[in-house]
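Q: First the structure, then my questions, so here it is.
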Ligand SMILES: Cc1ncc(COP(=O)(O)O)c(C=O)c1O
């Protein structure tokens, strides 16, 4: 696997998309004019970096020597019995430095920040993984770093807040709107427009205005490029399906892109179904959203009849986002990929299952992909080869998970207690 | 028309209630405002600072929508001021671009300002506005290149909105020093009036801006006056007296 080809890909991802930043009717730039110059600057810097062998080698060296790429593909043999016998292959993005795929993109964008001579980076974060990755790269490259995080998320991902602060980043809890990722993105854009002379916005997913969806995809496609080669080498054929969770969509695009031209490979994205689609409390944008504009791009989003963004709900902070990257909207409409919701309960079951059968505690985000793979495996049967993007590890989710599972156990105990002697409590 | 700069007020529909917001808009007109920018509440107002966010949040939570906005347009038109809608793009798109243009024109609106819609993405809106004979106002910023400035100004009809600072809405102690240069750059390539917004809150600042621009836009200061009002009636009195102070300002031209 040679270094240069990893990031050397055109704007056209093999899906017929030709206009930069456009994916069929999706994408584009719906931003205040004040940001256009910065987006143009970033776009130009990215184009020239992509054509520069020195940049590509510097990025690959960081990915290899700092982050630990290539990440392995692990066959989950004991999990297979819960997937109708289908063979489940895990692309181990959880083994990256900082614990998720987010570092792939951040190393690229941080190198770009240095290249355009800016000294400060800002980022939004939901689960905290993108914030931790950005704080990490900032420490490594001597950049100052501010991370916006919804106040609600600072509570459910307190460990990652501490990690970012240890790394020297300033974490600003966002108290506006729904106090989650979407509001953190609004605050980050406000910061950017105010401080654009010194500051680069390291965006964490394949949403947002051009060039982010294209650039972040290109930095993430290393996942699928590696996995495609690894699976071919080990199993002598392509997988039948490639499965990933979808928040904004970066890990999913990252693993899908290498397979877009392989028509026989099914691409399946799993969205956060929260309490269930029928409850309205979910984050399944492609399943039940409508086309519109949010955070600078046209795509699907959860919106009401007035065009207001509807607050999303998920046990997974990283998937708790009412928008989605424009390329996924395009892949959905053209039916090249399909998207299904996975509820909190289904995801937590898969979370527990992988922990107990394989000794791997996944991120709750990634557990959504696993849950989807289990269902798909039962459908495809024992001959199937299913490649799952294990986008992150579950260290950050231990508090959420222990609360979730303890609660389930305590309810019965509490009910017993309550029945026996309510007055003693 | 007197030889002076125009005064433009901004208030969002639905704060504290739809009725009270319309009364406040009419009160600014009573205080001497020429044009009222009628804000469409939006859940993700990326260009707005804390003051406007706070008011808009109330309106969004109350479910205020385009129908209420059109009522405000009618109310302002009756008061004699010129109603112009200010909306982020998604509420317009959700309502239907053509339908919005038709209904806005029918309600007596003069046009719309679209802070997150750049002309590059605006072909549908421009066509709809043309059909309905509406003004369309795009923003220029200190960071706009000459090429973009010319492209944006030529896509505008009515006036050009010059965002005076790199930043979000909100009252500032000093009005930007880059605004005069930006206005001069627009003047050099366009015959349209240039309105300056972002940061103006006092009569003295209005006078300063009126010295080099064709119109002065005041938003957060009006919203602040409403937020600080004890009740809607007090709020309306406060915005009216602020409007009167600013109206004196634009006639002074420092
Ligand atoms: C481990 C992990 N997977 C997935 C996501 C979702 O983001 P995306 O859809 O961009 O991959 C996150 C976001 O925080 C994450 O931390």
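Q: If I model a spin label at residue A:159 and residue A:345 as a point 7 Å from the Cα along the Cα→Cβ vector, what separation in nanometres do I get?
A: 2.6 nm
Q: Once you order the gyration tensor axes a ≥ b ≥ c over the Cα atoms, which shape class does the range B:6-250 get: rounded for a/c under 1.5, otherwise prolate or oblate by comparing a/b with b/c?
A: Values: a/c = 1.56, a/b = 1.09, b/c = 1.43.
Oblate, because a/c is 1.5 or more while a/b does not exceed b/c.
Q: Sorted by packing (mean other beta-carbon atoms within 10 Å per residue), highest first, where do A:208-219, A:259-270, B:133-144 land?
A: Details: A:208-219: 27.1, A:259-270: 18.8, B:133-144: 21.7.
For the peptides A:208-219, A:259-270, B:133-144, the packing ranking is A:208-219, B:133-144, A:259-270.
Q: Also, quick follow-up: Using a Gaussian network model of chain A with C-alpha springs under 10 Å, which one of A:334, A:205, A:98 is most mobile by mean-square fluctuation?
A: In this elastic network of chain A, the residue with the biggest mean-square fluctuation among A:334, A:205, A:98 is A:334.
Q: Give me the base-10 log of I(q)/I(0) for chain A at each q in 0.06, 0.08, 0.14 Å⁻¹, Debye formula, one uniform scatterer per Cα, rounded to two decimals.
A: -0.22, -0.39, -1.26
Q: Which ordering of A:106, B:147, A:246 is given by a fewest-first count of other beta-carbon atoms within 10 Å? Walk me through the numbers on the way to the answer.
A: Working: A:106 30, B:147 8, A:246 34.
Neighbour counts put them in this order, fewest first: B:147, A:106, A:246.
Q: Give the order of A:349, A:77 when sorted by the count of other beta carbons within 10 angstrom, beginning with the fewest. Mind dumping the intermediate values first?
A: Values: A:349 17, A:77 11.
Ascending Cβ contact count within 10 Å gives the list A:77, A:349.
Q: Go ahead and run the numbers for FRET between residue A:166 and residue A:61, Cβ-Cβ distance against an R0 of 25 Å, rounding to 0.05.
A: 0.50
Q: Which of A:396, A:118, A:102 moves most in a GNM of chain A, Cα contacts under 10 Å?
A: A:118
Q: Let me ask something else. Would you list B:176, A:80 from fewest to most Cβ contacts within 10 Å?
A: A:80, B:176
Q: So if R0 is 41 Å, what FRET efficiency would residue B:77 and residue A:53 give, r being the distance between their Cβ atoms, rounded to the nearest 0.05? Don't skip to the end; give the middle numbers.
A: Values: r = 62 Å, r/R0 = 1.52.
With R0 = 41 Å, the Cβ-Cβ based efficiency is 0.05.
Q: Using alpha-carbon pairs under 8 Å, 6+ residues apart, how would you state the relative contact order of the range B:138-190 in percent? Write down the numbers at each step before the final one.
A: Details: 53 pairs, mean separation 22.6, N = 53.
Computed over the range B:138-190, the figure is 43 percent.
Q: Next question, about the same structure. Could you work out how much longer the chain between residue A:119 and residue A:151 gets when fully extended? Use 0.36 nm per residue separation minus the Cα distance between them, nm to one decimal.
A: Once the chain is fully extended between residue A:119 and residue A:151, it gains 8.9 nm.
Q: For labels at residue A:304 and residue A:334 in the simple 7 Å Cα→Cβ model, what's the distance in nm?
A: About 3.5 nm separates the two model spin labels.
Q: Hey, with R₀ at 25 Å, roughly what FRET efficiency would residue A:281 and residue A:357 work out to, going by the Cβ-Cβ distance, to 0.05? Show your work: numbers first, answer last.
A: Working: r = 30 Å, r/R0 = 1.18.
E(calc), rounded to 0.05, equals 0.25.
Q: Could you please state, rounded to a whole Å, how far the C-alpha centre of the range B:206-241 is from the C-alpha centre of the range A:222-271?
A: With the range B:206-241 and the range A:222-271 each reduced to a Cα centre, they are spaced 56 Å.
Q: Separate question: For the range A:261-308, just say rounded, prolate or oblate: build the C-alpha gyration tensor, square-root its eigenvalues into a ≥ b ≥ c, call rounded for a/c under 1.5, and beyond that prolate if a/b exceeds b/c, oblate if not.
A: Note, shape of the range A:261-308 comes out oblate.
Q: Hey, could you pull the Cα Rg and Dmax for the range A:175-214, both in Å?
A: Just the Cα atoms of the range A:175-214 yield Rg and Dmax of 10.9, 30 Å.
Q: Let me know the mean shielding of A:193-202 by other chains, meaning the per-residue number of their Cβ atoms within 10 Å of its Cβ. Walk me through the intermediate numbers first.
A: Working: counts 9, 5, 2, 4, 2, 0, 0, 0, 0, 0.
Per residue, the number of nearby Cβ atoms from other chains is 2 on average.
Q: For the range B:195-254, what's the relative contact order in percent, using C-alpha pairs closer than 8 Å and at least 6 residues apart?
A: Numbers: 84 pairs, mean separation 27.6, N = 60.
Worked out over the range B:195-254, it gives 46 percent.
Q: Using Cα-Cα distances under 8 Å and only pairs 6 or more residues apart, what relative contact order does chain B have, in percent?
A: On the way: 561 pairs, mean separation 58.2, N = 254.
Reported relative contact order: 23 percent.
Each reported figure results from applying straightforward, stated rules to the coordinates on display, with no laboratory input. None of the values given here were measured: they were computed from a predicted structure. Using ideal geometry, Cβ is built from the backbone for each residue, glycine included, and neighbour counts are taken over all protein chains shown.
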